[in-house]
1. Using a 10 Å cut-off around each Cβ of peptide A:155-164, what is the average number of partner chain Cβ atoms that fall inside?
2. Taking θ as phi - 60°, what are the ³J(HN,Hα) couplings along region B:550-556 by the Karplus curve (6.51, -1.76, 1.60), each to the nearest whole Hz, with x for Gly and Pro?
3. Taking the simple approach of a point 7 Å from Cα along Cα-to-Cβ for both residue B:564 and residue B:116, what is their distance in nm?
4. Using only Cα atoms, what is the ratio of the radius of gyration of chain B to 2.2 N^0.38 Å?
5. I'd like the FRET efficiency for residue A:132 and residue A:12, computed as 1/(1 + (r/R0)^6) with the beta carbon distance as r and R0 of 45 Å, rounded to 0.05.
6. Can you work out ³J(HN,Hα) from phi for every residue in region A:120-135, in order, using Karplus 6.51 cos²θ - 1.76 cosθ + 1.60 and θ = phi - 60°, giving whole Hz and x for Gly and Pro?
7. At 7 Å along the Cα-to-beta-carbon direction for both residue B:5 and residue A:80, put a label point, then send me their distance in nm to one decimal.
8. Measure off, as a whole percent, the carbon and sulfur share of the 1.4 Å-probe accessible area of region A:136-235, all protein chains present.
Amino acid sequence: MDESIKLTIDGQPVTVPAGVTLLQAAEMAGITIPTICYHVATTSNALCRICVVEVEGARTLVPSCVAKAADGMVVHTDSERVRLSRRTILEMLVSSVDLSEAPEIQTMMAEYQADPQRFPDAERREPPVLDDNPMYIRDYAKCILCWRCVQVCAEDAQYTFALNFSGRGYETQIGTFYDHPMPETTCVFCGQCVGVCPTGALKPKREWLLEQGYSPDEVMELTRTDRRRRRRDSIE
Amino acid sequence: MTDIDLSLLTPVLEKYGPQGRTALLPALHAAQDIYGYIPEPVAASIGMALNVPLADVYGVIDFYAMFYRAPVGETHIHVCNDPACAFAGADSVFKRMTQTSTINGGTGEMRVTVELAPCLGLCEHAPAVLVQEKPAGRTQVQSWKDLVRGSIPHQRSIVGGDIRLLTRNCGKNRTTSLEEYEDSGGYAGLRKALSLSPAEVIAEVKASGLVGRGGAAFPTGVKWEATASAPGDPHYVVCNADEAEPGTFKDRVMMEDDPHRVLEGLIIAGYAVGARKGYIYVRGEYIQAYHTLEEAQEEAEAAGYLGENILGTDYSFEIEIRRGAGAYICGEETALFESIEGKRGFPRVKPPFPTTHGLFGQPTAINNVETLANVPLIMTIGAEAYRQMGTEKSPGPKLFCLSGDVVRPGLYEVPFGVTFRHLLFDLAGGLRPGREFRGALFGGAAGAFATPDHLDVVLSFENLRAAGLPLGSGVITVFDDTRDLYDILLRLSRFFAEESCGKCYPCQIGTQRQHEILVRMAGGDIRPEDYQRLTDIGRTMTDSSLCGLGQTAASAVLSAMKYWPQYFTTRQA
């Protein structure tokens with residue numbers, strides 16, 4: 001890693017250590033590239049394509065979260081082509097799911113002047129909320145399929161493998177084995193998936209119940225596990 | 001839940017369990033052959049035996065269109081509904097079938113499930129259906145009962161052309177045996193290759209100028225060289241037989257009619273890159289080609305062309321034939337690797353490329369069926385003679401699949417350099433009497449439209465590129481002046497919406513939005529913003545999608561917008 005790489009980002013000469021991604025190289029140069037699916041603690045899959053940049057000589061745009069900086073590269077992080085892709089992806093995303101609890105994406109939409117009504121008659125993904133365990137709810141109408149929950153449940157953190165996908169294409173949804181309720185799966189309720197969810201699709205049950213208008217006492221009553229209930233009964 | 005006899009599954013688990021996750025698709029196929037679908041306890045047993053997390057097993061089952069997690073009819077019929085079959089009346093075939101009372105879970109004697117399917121690769125026999133995985137063509141003239149009983153005669157492949165090198169043994173309405181193949185000069189290419197060093201074989205293939213015939217046109221010799229020199233052991237070769245581009249059927253004909261040519265090409269490829277194992281990944285719908293290849297593999301093993309010490313040399317090589325399970329995306333090379341590894345067919349981020357990080361993360365050369373079929377020819381006649389065919393920049397023979405509104409739909413072999421007009425009128429017999437040529441789709445759903453102005457275009461990589469047309473895999477779907485452009489576009493956009501894997505946002509959502517807009521347009525509701533909407537979706541998918549599927553999913557629509565813009569602003573009759 002003692003080798004260094006010289007490239008140009010947005011007209012600015014930049015020297016970075018070998019092996020860094022374009023996203024990291026830009027950050028070192030003080031240039032921020034927007035990201036959605038990227039998370040510092042999970043494997044980058046380059047699937048949201050919000051972080052694409054234009055690299056001179058490349059046929060297509062390049063996802064900066066995985067593309068490595070190379071000597072002599074000339075990179076444009078905010079060209080017209082890049083902005084069109086980002087804006088259109090944001091417009092398509094907001095036409096698909098509920099982004100009301102994704103403030104970072106909302107900020108991006110303002111930045112790229114994305115029109116929330118660009119696809120007015122689009123079929124939205126609106127499955128009902130899955131409330132099948134005392135710890136968290138799954139509201140896939142808010143899910144942007146960033147894969148973070150699947151990854152932390154698997155090799156990126158917990159090695160629990162409770163989550164995977166159902167369907168494919170636009171019909172893809174995060175799911176369990178034959179759609180079983182969470183308590184019937186290998187889920188250990190570690191909460192890592194809830195922690196990395198960027199849109200409020202996964203949410204602690206108590207937070208969700210409070211939002212539904214339940215009082216703190218009612219929330220306690222609804223979410224105590226049998227074990228805790230027994231313990232409290234014995235204290236009384 | 002009905003009682004599931006898990007003891008029936010024991011042989012499957014014993015066979016595939018020790019192989020682990022890579023055997024997931026074969027195990028699911030075997031289970032479905034037993035139970036008709038994949039019941040939950042069966043999926044769980046397979047997951048345990050193969051050591052695959054159950055959620056992942058479910059993810060795989062639900063990804064592939066040919067795996068069913070709920071019971072289906074005893075007879076299962078797939079009706080192709082892509083353009084060539086639609087022109088020939090696929091919609092009315094489907095309607096006729098679904099109007100019959102005993103279908104879709106009926107309790108009568110014949111419980112039948114009928115479903116629409118993407119292109120079945122039987123375009124020359126349009127309108128085509130699969131009945132219990134058995135192909136049937138010209139279905140508009142078959143009785144429903146004959147179809148359901150599967151008593152449909154085998155369809156003879158229509159094969160022609162100016163030259164018959166790759167297709168020399170094709171079109172006889174039967175499979176070429178090993179003996180016949182040898183009599184026609186078969187396996188001489190392998191003998192020649194084994195008398196050379198692997199580097200010399202690669203040099204010969206490089207000198208021939210052969211480029212990939214699957215669509216990407218990458219120089220084959222360069223790919224082999226990079227794989228051969230990549231560090232790491234083992235190396236693999238893979239034959240991509242996941243032919244699923246709408247309108248394409250050339251690989252099916254080659255595999256069914258002359259399977260040894262494909263095997264010989266793969267063995268030579270294996271020798272060249274230093275692989276001891278090769279895979280052939282055949283699309284799930286091509287059950288006949290799959291069985292034909294298996295039989296040919298046994299013949300080749302018995303004759304010493306495959307296995308230990310091939311033809312008495314130090315070289316040993318084995319082949320494993322795999323079946324897909326209904327996913328166009330698995331024709332993308334990295335998605336195909338994922339599928340062999342027992343996963344959902346999600347394409348990987350490239351780089352790294354397969355030559356260094358391919359199947360199981362090892363150096364891998366992956367080639368299309370037709371590409372490999374060229375290899376024995378090159379080894380036999382030599383690169384110099386090979387280059388005498390075709391043009392300087394596009395040497396060799398090329399297979400074209402012509403279908404749609406032509407008199408003689410079929411597979412045609414020509415040297416690169418003939419005109420589209422020659423192919424269409426001299427070979428395929430032109431259009432039906434009284435009809436005019438209106439356009440053609442070059443390269444399948446991922447391709448672009450040609451207009452009457454393109455009739456004299458020369459069929460070579462360089463000339464097509466200059467004309468803005470993709471060669472793709474050599475598929476040309478012709479349509480006449482009676483066809484509805486909206487209907488054609490609608491079928492293409494539906495194909496992509498159904499076949500997108502859903503990994504990257506531009507394609508996952510873009511294919512869906514593109515389809516919705518085209519459905520609305522076809523219904524007569526065209527809005528002033530639609531042209532720009534389709535342009536932006538198309539540019540975003542082309543520029544920013546993760547793999548080749550997404551990058552070409554708007555190609556046909558964008559080319560239609562270029563040649564027939566009026567269709568996208570006002571409803572045309």
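1. Details: counts 0, 0, 0, 0, 1, 2, 6, 3, 4, 11.
Other-chain Cβ atoms within 10 Å of each residue's Cβ, averaged: 3.
2. Whole-Hz 3J(HN,Hα) from phi for region B:550-556: x, 5, 10, 5, 10, 4, 5.
3. In this crude label model, residue B:564 to residue B:116 measures out at 1.9 nm.
4. Working it through for chain B, the quotient is 0.94.
5. 0.30
6. Calculated HN-Hα couplings, in order: x, 9, 5, 6, 8, 8, 9, x, x, 5, 9, 10, 10, 7, x, 9 Hz.
7. 7.0
8. Taking all protein chains in place, region A:136-235 shows 50 percent carbon and sulfur surface.
The values are calculated or read from the model by the stated rules, or taken from the named source; none is laboratory data. Fair warning: this is a prediction, and the values are worked out from it, not measured in the lab. With ideal geometry, Cβ positions are generated from the backbone for all residues, glycine too; neighbour counts draw on all protein chains shown. Each accessible area value is taken on the protein alone, full model and side chains, heavy atoms only, with ligands, DNA and RNA left out. Shrake-Rupley method; radii C 1.70, N 1.55, O 1.52, S 1.80 Å.
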